[in-house]
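Data first, discussion second: the structure below is written as structure tokens.
The values are calculated or read from the model by the stated rules, or taken from the named source; none is laboratory data. From a predicted model like this one, the values you see are computed outputs, not experimental measurements. Cβ sites come from the backbone with ideal geometry, for glycine too, and all protein chains shown count toward neighbours. Calculation scope for accessible area: heavy atoms of the full protein, side chains included, ligands and nucleic acids excluded. Shrake-Rupley method; radii C 1.70, N 1.55, O 1.52, S 1.80 Å.
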Amino acid sequence: MRLFGIDGCRAGWVVISSDYCLRDIRSRVLESGDIASFFRQRHLAGDRVAIDIPIGLADGASRSCDQAARQLLGWPHSSSVFSAPCRLTLQATSYAEACAINRKVSGRGISKQTYGILPKIREIDAALESAMQGTVRESHPEVLFARLSCGGRGLAPSKKSPEGRIVRLELLHRYLPRFDPAMIRIGLGRASVALDDVIDAGACLIAAKHIAEGTAAVLPQGSLERDARGLRMEIVA
């Protein structure tokens, strides 16, 4: 079994993988369009994948997992959890149209950040079937970092700040002592991958380890929601 942590990047998807013991760390970039075959291969191999992208889209009200993640992180860190769009919003071809569709269905618009990742949400939604969710599950780096921290809440320094990156790397180095996002980024191409993308993919790798161990925390607690396609709407860390 191999473990995979995935985050979106300019070139498509940055993938950090390892063996079950987190010793053999590898990195690569998957181009957009390759993720569906990648998921099928990982599912057939019995691997575990954690990806930072919404999986499972509601037809109306907000997903409970998004609400639970924001509550866990607390203000102001809760703003790092974007509300997933409603499924019909995937049809939009402009920000104005996306807001209009989402508002009509759910009573609220969507943020520009959410609209910016709409193509990636669409790509993952098309690539996944409910049977694959034993292999591929949604995670969120800030929820993982909150779980690893002593306080169990959102980390105070922003991930964009030097201090925030240091704090997050210190948490990751408990599991991945040789994890060097700066060198990984150089190897993958600075124009293709941002430093934050590599760090977030590393966090998702730890979430995949928790999934494989059966120790992952699942939001929301005590209930399982599925969308109209049967996909689980949850965040694991």
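Summary table
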item	result
For the range 6-86, the Rg and Dmax computed from alpha carbons only, in angstrom	15.4, 43
0 to 90° range, to nearest 10: angle between helix 118-127 axis and the chain longest Cα axis	80 degrees
Per-selection Kirkwood Rh - the range 64-151 (Cα, Å, 1 d.p.)	14.4 Å
Mean Cα-pair separation over length for the range 1-154, i.e. relative contact order, pairs under 8 Å, 6 or more apart, %	25 percent
FRET efficiency for Arg190 and Met1, using Cβ-Cβ distance with R0 set to 30 Å, rounded to 0.05	0.40
Contour minus Cα-Cα distance for Ser130 and Ala45 (0.36 nm per residue)	28.9 nm
Segment Arg28-Ser79, extension gain: residue separation times 0.36 nm, minus the distance between their alpha carbons	15.5 nm
Whole-number Å³ per residue for the convex hull built on Cα positions in the chain	120 Å³
Rounded to the nearest 20 debye, dipole of the range 39-198 from Cβ charges on Lys, Arg, Asp, Glu	160 debye
Alpha carbon centroid spacing (whole Å) that separates the range 120-166 from the range 186-237	5 Å
Set of the range 149-170 residues, backbone N closer than 16 Å to the point 7 Å along the Cα-Cβ line of Gln71	153-154
For the chain: accessible area per residue (Å², 1.4 Å)	45 Å²
Charge dipole (the chain, unit charges on Cβ, about Cα centre) - positive-most of Ser106, Gly152, Ala11	Gly152
With every protein chain in place, the range 7-106: carbon and sulfur % of accessible area (1.4 Å)	50 percent
All lysines inside 21 Å of Lys159 as judged from Cα atoms, apart from same-chain residues fewer than 8 positions distant	Lys112
